[in-house]
């Protein structure tokens, strides 16, 4: 078990250009993704903040430039946690467009041994928006944003070079969840394919 409880950051501020409407409003079994992901994350982490336009019932903060990407969202969320007195806690970061995220996976990430990032990988692909980051990693995210970096890949590359990254590969994550947990939705066809309903 981790000795320090995890905070949480729910990222809802994506531009949804390919999707056409806010992904947070898409529904799974009648429940909006914003509400479901907030509920699942809040069951594991505290405090939990939304980084985005206020799609959920969580307290919401915004990036310096709204819609400027997930790395900027992570940096803004980290600064907001610190301002609320939770800056000493690692943070579980979760994107709103993961409709099947499993509380058991988030618990496993929260309980993983200390590291500056705890990141699942699926078929070799890092799941950087369903991961745990240390306060040092959140600070590094802010530094990278200030330097002009926009991608989560840039953050992971920096952490691998400078800090400690713990990868959670299939033999480990499959003990608590299934590949469906990592399904994300980028287009309306993605949503229909996995049985999600449009807004409203």
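All of the numbers you see were taken from the coordinates with simple rules; none came from a lab. Remember, it's a predicted structure, so these values are computed and weren't measured experimentally. As a convention, Cβ positions derive from the backbone with ideal geometry for all residues, glycine included, and neighbour counts pool all protein chains shown.
The structure shown yields Rg and Dmax of the Cα atoms in Å, and of the options (1) 15.5, 45; (2) 23.8, 91; (3) 16.9, 54 that calculated value carries the label (1). Approximating the spin labels as points 7 Å out from Cα along Cα→Cβ, the residue 57-to-residue 153 distance works out to 3.9 nm. A Förster distance of 22 Å, applied to the separation of the beta-carbon atoms of residue 42 and residue 88, puts the FRET efficiency at 0.65.
The order of the peptides 170-176, 133-139 by mean Cβ neighbours within 10 Å, most packed first, is 133-139, 170-176.
Computed on the chain, with alpha-carbon pairs under 8 angstrom and 6+ residues apart, the relative contact order is 26 percent.
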